[in-house]
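Trainee: Pasting a structure here, questions to come.
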Amino acid sequence: MRPIRLPEPPNPTIGVPEIFEGGAYSVIRRAVIIGNGYPGSENQSIGLVRALGLYDKHVLYVTPFHFTPYLNLYSFALLIARVTLFFLVTRVTRPRGGINEWLLWLPVSLHQKLDYLIQLIQIYSRGRNYVPLPLENGGGSVGLASVLEADVKQIVTMARQTFEKDGPLLVVASGRDTISVASSIRRLASENVFVIQIQHPRSQLNRFDLVITPRHDFYPLTPQAQEQVPQFLHRWITPREPPDSHVFLSSAEDRFVVNFLHQILTLGALHQIDSATLRSTAAAWHDEFAPLPKPLLVVNIGWPTSHCRYGADLAKQLTAYLLNILSSCGTVRISFSSRTPEKVSKIIVKEFADNPKVYIWDGQEPNPHMGHLAWADAFVVTADSVSLISEACSTGKPVYVMGPERCKWKLSDFHKSLRERGVVRPFTGSEDIAESWSYPPLNDTAEAASQVREALAERGWRVRP
């Protein structure tokens, strides 16, 4: 198999001391990440901050309650130990479970208040004594906004009070539920912060300094999509500011990151994978993966979504396809998501649990996901996860997608773009895994970071090398 040359992480040019280039006021040394409780979304923010060179120096992670697989409690403690200035606030988290699953269409602040009222009604209806919540964190009494929302006021105060000493604050938020918080921070401290919103907010891009969104977010504006949606619903499900003629292609002709007035478009999701990460991960997992028979096929199985529905039928089809290609593999390693339906995982586990060529991750730590990305010779990924597919495509190794024909709406457009670029192929069960093929790896995160640097330069700011 031919070795694949991976893109290098961005290396900022080291120039003259900052005192001669605008002073401390123009240098960004720290970042706040506003999470929404979903690892896929938060990983995009962490990936961008890392690509900007801030991750290993001064990172402020804004999620004390949950941690992604990429940033566990231990690494978070080490991260806090490395920063010289930090500020910890809550993430924007929606209520989960029960009737809340039917209320995801509500604005997050309204959803939280409604959930709070429902809890009060349940408490009173059961005849329990009600103890009022404190009004402010740390003592006294706390209002709903403080308990249920990330603290905008504290972030704004910190950005203003530390600006002269520590320079501007980079704020990176991802997901629809973080929009109101991120936009409020910019509105209240526009001179002291640079706010980046990942995933399209649908309207009013000028609420942010920069919006980073995948191209397929604009699929609803295409003629075929417009035909699928009643006219009166268009304003609720489509971006209201479509790409215009003011387009800047980031570097080479084959790049898929495009810059608009307040917008960067990517082909896939942002993430933390680059050549440096893969090299260090390969070394860390060497003892476990190096002895395995080659080629190594990694199978990542996600979960059905509203835009990509499947169940036991896909599990049976995937099992049959894997059995067909097993003779061309040295080793097969299968990973399920924590949200993979049991009816899907049971079928696959039953078939392969006793097969000596196949290893099925049991969900216990350590998570081998990063090791899989570094050591795999090829991937099979279910079509539902933009994040998993984007990460696999950043390696330059063969990526086969299972079930893309089941996808619709924006997700269908995403798969079409990947096929047109030649970075994925459908998994048919007739592949010879020993026969490798390659492509220019997706490099969305590094390209987006480069565009962020350009946007900062237009404002007279820069990220500290």
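Trainee: Place +1 on the Cβ of every Lys and Arg and -1 on the Cβ of every Asp and Glu in region 275-426, take the dipole about the Cα centre, and give the residue among Tyr310, Trp285, Asn300 whose Cα lies farthest towards its positive end.
Mentor: Comparing the listed Cα positions along the dipole, Tyr310 ranks first.
Trainee: Any idea what diffusion coefficient region 275-426 gets from Stokes-Einstein, in µm²/s, Kirkwood Rh on alpha carbon pairs, 10 °C, 1.306 mPa s?
Mentor: Details: Rh = 15.8 Å.
Using the Kirkwood radius from Cα pairs, D works out to 101 µm²/s.
Trainee: In debye, nearest 20: dipole of region 275-426 around its Cα centre with unit charges on the Cβ of K, R (+) and D, E (-)?
Mentor: The dipole of region 275-426 has a size of about 500 debye.
Trainee: Turning to a different aspect of this structure: Just tell me which lysines come within less than 27 Å, Cα to Cα, of Lys165; anything on the same chain fewer than 8 places away is out.
Mentor: List returned: Lys57, Lys153.
Trainee: With a probe of 1.4 Å, find how much accessible area region 275-426 has per residue, and write the answer as a whole number in Å².
Mentor: Per-residue accessible area for region 275-426 comes out at 42 Å².
Trainee: How would you rank 199-208, 357-366, highest first, on the average number of other Cβ atoms within 10 Å across their residues?
Mentor: 199-208, 357-366
Trainee: Now for a separate question. Report for region 275-426 the percent antiparallel among DSSP-assigned beta bridges with both residues inside it, nearest 5. Before the final figure, lay out each step's value.
Mentor: On the way: 2 of 21 bridges.
Rounded to the nearest five, the antiparallel share is 10 percent.
Trainee: Related question: Just want the answer: with Cβ charges of +1 for Lys and Arg and -1 for Asp and Glu, which residue in Ser385, Gly403, Ile348 is farthest toward the dipole's positive end in region 275-426?
Mentor: After comparing all options, I get Gly403.
Trainee: May I have the count of lysine pairs in region 275-426 with C-alpha atoms under 16 Å apart, counting pairs 8 or more residues apart or located on different chains?
Mentor: Counting lysine pairs in region 275-426 gives 6.
The values are calculated or read from the model by the stated rules, or taken from the named source; none is laboratory data. Computed from a predicted structure; not experimentally measured. Reconstructed Cβ throughout: ideal geometry from the backbone, glycine too, with neighbour counts over all protein chains shown. Accessible surface is based on the protein model in full, side chains and every heavy atom, while ligands, DNA and RNA are left aside. Shrake-Rupley method; radii C 1.70, N 1.55, O 1.52, S 1.80 Å.
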